[in-house]
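The values are calculated or read from the model by the stated rules, or taken from the named source; none is laboratory data. Nothing here was measured: the structure is a model prediction, and the numbers come from that model. Here Cβ is always computed from backbone atoms with ideal geometry, including for glycine, and neighbour counts include all displayed protein chains. Accessible surface areas use protein heavy atoms only, side chains included; no ligands, DNA or RNA. Shrake-Rupley method; radii C 1.70, N 1.55, O 1.52, S 1.80 Å.
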Amino acid sequence: MFVIVYHKTTKKLVHYRHDMCVPQVHTAQFWFDIFLDDNEVGDENYTFAEVIFTKALNAIVIGNHIYNEATGQVEADPNYVAPTPPALETEEPTV
C-alpha cells in the first residue's frame, strides 16, 4: 500500500508512506490519522489517497509533487521553483 497525504487546495504532497506489511494491519485512514496527530493539524486542510506503487514514486520529493485527483496519479508540480541554495560562508584564514 502506498499512501499519500496532500493539501486539499494546492494538491501538494506533504507526506507519503509505503507500507509493505503482509497482511496489511493498518488502513490508509489509520496512517492519515497518525499524520494528523503527529503534525498537530486537522483534516480541514489535508486529505489522503491510496495509490498503486510504481517505481516512479521512488523519486517523490515533498514540495515538488502534486496529486492529480482526475487521473489518480502523482505528478511533478509544474509550478515548482527550487529553493535558492544558501550562500557559502568564507572564513578568513587565521595566522
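Things worth noting here:
- For the stretch 34-78, the set of residues classified as of a type in the set (A, V, I, L, M) and part of a strand (DSSP E or B) consists of ALA49, VAL51, ILE66, VAL74, ALA76, listed by residue number.
- For VAL41, the stated conditions do not hold, so it cannot be described as hydrophobic (A, V, I, L, M, F, W, C), open to solvent by 70 Å² or more (accessible area, probe 1.4 Å) and over 12 Å from the mean Cα position of the chain (by Cα).
- Pairs with Cβ under 8 Å, 6+ apart, first in the stretch 25-48 and under 21 Å from ILE66 (Cβ atoms), second of a type in the set (D, E, K, R) and open to solvent by less than 80 Å² (accessible area, probe 1.4 Å): TRP31/ASP19
- For the stretch 21-31, the criterion of being open to solvent by 80 Å² or more (accessible area, probe 1.4 Å) and either of a type in the set (A, V, I, L, M, F, W, C) or in contact with a Gly (Cβ under 8 Å, 6 or more places away or on another chain) (or both) is met by at least one residue.
- Looking only at residues in the stretch 71-95 that are aliphatic (A, V, I, L, M) and open to solvent by less than 100 Å² (accessible area, probe 1.4 Å), the one that is farthest from PHE32 (Cα to Cα) is ALA87.
- Among residues of the stretch 46-70, those that are open to solvent by 70 Å² or more (accessible area, probe 1.4 Å) and either touching a Cys at 6+ places or on another chain (Cβ under 8 Å) or modelled with pLDDT of 90 or more (or both), counted: 3
- Flag: TYR16 matches the condition of being open to solvent by 80 Å² or more (accessible area, probe 1.4 Å), in a strand (DSSP E or B), at pLDDT 90 or above and not basic (Lys, Arg).
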